[in-house]
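Beneath this line is the structure, given in structure tokens, with notes to follow.
The values are calculated or read from the model by the stated rules, or taken from the named source; none is laboratory data. All values derive from a computational prediction rather than experimental measurement. Every residue, glycine among them, receives a Cβ derived from its backbone with ideal geometry; neighbour counts consider all protein chains shown.
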Amino acid sequence: MDLMLKDKVAVITGGSVGIGLAVAEALAAEGVDLALCARNEERLSAAGEHIREAHGVRVLTVPADVTKAADITAMAQQIEKEFGGADILINNAGTGSEEKIMDAPDDKWQRYWDLHVMAAVRMSRAIVPLMRKRGGGVIINNDSICAKQPLGYEPIYNTTKAALARTNVVCSKGTRHNHLRSPPCLCMCSSRPGKPQDNALIEASNSRFRQECLNEHWFLSVADAQEKVDAWRNHYNAKRPHSALGNLSPEDFVHASAATATAVKGKTELAILT
């Protein structure tokens with residue numbers, strides 16, 4: 001598949017394992033140069049080397065803790081020095097929690113707030129100026145189905161992911177100038193294999209995506225938008241029923257949440273299909 005993203009620059013937090021690494025691999029296969037960050041330097045370095053060898057793209061690896069503002073600032077400076085700018089930001093770093101709301105200490109709440117919310121806010125503030133240098137870009141915040149359907153054993157995760165989802169809506173309104181785009185319909189994906197999801201929720205998400213495409217002209221034409229939406233919907237409807245969205249592999253997740261992309265008039269536009 002040619003998504004017309006060759007020579008774009010994507011910044012991915014939490015890019016050494018799991019969803020972050022799968023997204024990095026998929027974008028590298030499209031010829032996208034990468035800036036990856038993670039806390040584990042050895043694992044990050046190995047991931048970067050593998051992607052370089054497999055896809056022949058440039059990969060900048062930056063050991064960083066995105067809960068620390070200073071690390072984010074330093075990463076943005078390295079990205080500017082290496083690439084001169086950026087086109088795509090994927091705020092992916094995050095992890096689950098397990099606690100009871102009456103027992104969880106304040107410092108745990110603060111740690112997850114910094115990881116899931118403030119990291120995305122700070123990364124966006126740091127990378128948006130680099131996007132402007134290249135004529136525009138897109139920001140993707142990887143939230144969770146738990147933002148809408150909370151799980152009882154992880155109230156902190158539920159709350160902070162819900163905040164991240166709202167942050168994305170605010171960001172989408174605040175960065176529309178200068179060809180910057182933060183799509184309001186993001187990852188409606190369960191990280192728990194086999195957990196059934198509500199069909200109406202999935203259908204509403206797909207309908208919202210379709211309307212966004214038609215209203216915002218993310219693609220070259222309305223017909224092109226319709227064709228792409230239908231193609232991806234048909235592919236995933238055939239691959240798995242809507243009620244088994246949680247069965248998606250990391251690779252499937254990449255295509256469902258990040259691969260419906262194209263370059264329009266010299267700037268990156270990215271639409272999300274869940």
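What about A46, is it of a type in the set (A, V, I, L, M), surrounded by fewer than 14 Cβ atoms within 10 Å (Cβ to Cβ), over 18 Å from the mean Cα position of the chain (by Cα) and closer than 19 Å to A126 by Cβ? It would help to see each step written out before you state the result.
On the way: of a type in the set (A, V, I, L, M): yes; surrounded by fewer than 14 Cβ atoms within 10 Å (Cβ to Cβ): yes; over 18 Å from the mean Cα position of the chain (by Cα): yes; closer than 19 Å to A126 by Cβ: no.
Judged against the criteria, A46 is not a match.
Without any contact (Cβ under 8 Å) to a residue 24 or more places away in the chain, charged (D, E, K, R), closer than 20 Å to P155 by Cα and not in a loop (DSSP other than H, G, I, E, B), is that true of D114? Give the steps one after another, and end with the answer.
Numbers: without any contact (Cβ under 8 Å) to a residue 24 or more places away in the chain: no; charged (D, E, K, R): yes; closer than 20 Å to P155 by Cα: yes; not in a loop (DSSP other than H, G, I, E, B): yes.
It is false that D114 is without any contact (Cβ under 8 Å) to a residue 24 or more places away in the chain, charged (D, E, K, R), closer than 20 Å to P155 by Cα and not in a loop (DSSP other than H, G, I, E, B).
Here are I145, I51, I79, I127: which of them is under 29 Å from D33 (Cα atoms) and under 17 Å from the mean Cα position of the chain (by Cα)?
The unique qualifying residue is I127.
Give, as residue ranges, the helices (runs of 4 or more DSSP H) completely inside segment 1-87 that count at least 3 residues that are small (G, A, S) and modelled with pLDDT under 95. Step through it out loud before you land on a result.
Details: elements: 18-29, 41-55, 69-83.
Here the list reads 18-29.
Regarding S16, is this residue closer than 24 Å to S144 by Cα, of a type outside the set (A, V, I, L, M) and without any contact (Cβ under 8 Å) to a residue 60 or more places away in the chain?
On the way: closer than 24 Å to S144 by Cα: yes; of a type outside the set (A, V, I, L, M): yes; without any contact (Cβ under 8 Å) to a residue 60 or more places away in the chain: yes.
In short, yes.
If I filter segment 65-78 for residues that are polar (S, T, N, Q) and in contact with a strand residue (DSSP E or B) (Cβ under 6 Å, 6 or more places away or on another chain), do I get at least one hit? Explain how you work it out, then say what you get.
First pass over segment 65-78, keeping only residues polar (S, T, N, Q): 67, 73, 77-78.
Restricting the remaining residues to those that are in contact with a strand residue (DSSP E or B) (Cβ under 6 Å, 6 or more places away or on another chain) gives 78.
So far as segment 65-78 goes, yes, one or more of its residues are polar (S, T, N, Q) and in contact with a strand residue (DSSP E or B) (Cβ under 6 Å, 6 or more places away or on another chain).
Applying the selection to segment 51-90, what residues are among the acidic types (D, E) and either touching a residue at least 60 places away in the same chain (Cβ under 8 Å) or farther than 25 Å from Y112 by Cβ (or both)? It would help to see each step written out before you state the result.
So the first thing to find is which residues in segment 51-90 are among the acidic types (D, E), and the list is 53, 65, 71, 80, 82, 87.
Matches in segment 51-90: E53, E80, E82, D87.
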